[in-house]
Amino acid sequence: MRRIALVTLVVDDYDEAIRFYTEALGFRLVEDTPRPDGSRWVVVEPGSADQGTALLLARAKGDAQHARVGDQTGGRVGFFLHTDDFGRDHARMLAAGVTFLEEPRHERYGSVVVFQDLYGNRWDLLQPAD
């Protein structure tokens, strides 16, 4: 079996990113390990380790990386958070202050709404149709 285990998300600050992903989105902090160069190995995931891909939160270094914080996919939705209870997660995220860019839609493929993370990256919250 092969799968994508981690996807790097460039962030401005480790601690504010950890707070957003764990508190606002309900992710689990898997690892936060200091590295010899002063950076940290920070991994968060939306569910248990066997359920899919986790995010490596990497603090931006240099002008080129700082310029991409919040726009890693050129303004497109670049991340897709699947849920088994759209209403529950949408309500929890609203209460946590997550910015939604539209009203929820119920499409043939499922219930979906676009939101942005604390830096402006666009995500879909999606409950696929059965």
Fill in the blank from the handout: In whole Hz, the Karplus estimates of ³J(HN,Hα) for segment 76-82 (6.51, -1.76, 1.60; θ = phi - 60°; x where Gly or Pro) are 7, 5, x, 9, 10, 9, 7
Completion exercise
Computed over the chain: longest principal axis from alpha-carbon atoms vs helix 86-95 long axis, angle to nearest 10 degrees, is 50 degrees
Practice task
Would you mind estimating how fast the chain diffuses translationally, via Stokes-Einstein at 20 °C and 1.002 mPa s with the Kirkwood radius over Cα pairs, in µm²/s?
Solution key: 138 µm²/s
Practice task
Arrange the residues Thr83, Thr53 by how much accessible surface each exposes, largest first, with a 1.4 angstrom probe.
Solution key: Thr53, Thr83
Practice task
Take the alpha-carbon centre of segment 1-26, take the same for segment 47-113, and report the distance between them in whole Å.
Solution key: 10 Å
Fill in the blank from the handout: Taking every other residue with Cβ under 12 Å from the Cβ of Glu16 and scoring Lys and Arg +1, Asp and Glu -1, one gets -3
Problem - Accessible surface, the chain, averaged per residue in Å² (probe 1.4 Å) - result: 60 Å²
Practice task
For segment 97-109, take each phi angle, set θ = phi - 60°, evaluate the Karplus expression 6.51 cos²θ - 1.76 cosθ + 1.60, and give the result in whole Hz per residue in order, putting x for glycine and proline.
Solution key: x, 5, 8, 9, 9, 7, 7, x, 10, 10, 9, 4, 8
Practice task
Could you give the size of the charge dipole of the chain about its Cα centre, using +1 on the Cβ of each K and R and -1 on the Cβ of each D and E, expressed in debye and rounded to the nearest 20?
Solution key: 320 debye
Exercise for the section: With label points built 7 Å along Cα→Cβ from the Cα atoms of Leu6 and His82, find their separation and express it in nm. Expected result: 2.3 nm
Fill in the blank from the handout: Using alpha-carbon positions, the gyration tensor of segment 23-80 gives root eigenvalues a ≥ b ≥ c; with a/c under 1.5 called rounded, otherwise prolate if a/b exceeds b/c, else oblate, the class is oblate
Problem - Positive dipole terminus of the chain, leading residue within Thr83, Ala54, Ile4 (C-beta point charges) - result: Ile4
Exercise for the section: First measure r as the distance between the Cβ atoms of Thr99 and Asp71, then evaluate 1/(1 + (r/R0)^6) with R0 = 22 Å and state the FRET efficiency to the nearest 0.05. Expected result: 0.90
Practice task
Taking every pair of Cα atoms in segment 83-130, average 1/r, invert it to obtain the Kirkwood radius, and report Rg/Rh to two decimals.
Solution key: 0.96
Completion exercise
Quick calc, segment 16-61, dipole around Cα centre from Cβ unit charges on Lys, Arg (+) and Asp, Glu (-), nearest 20 debye, gives 200 debye
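The values are calculated or read from the model by the stated rules, or taken from the named source; none is laboratory data. Predicted, not measured: the structure shown is a model, and the values here were computed from it. As a convention, Cβ positions derive from the backbone with ideal geometry for all residues, glycine included, and neighbour counts pool all protein chains shown. Side chains are part of the model used for accessible areas, which takes the heavy atoms of the whole protein and leaves out ligands, DNA and RNA. Shrake-Rupley method; radii C 1.70, N 1.55, O 1.52, S 1.80 Å.
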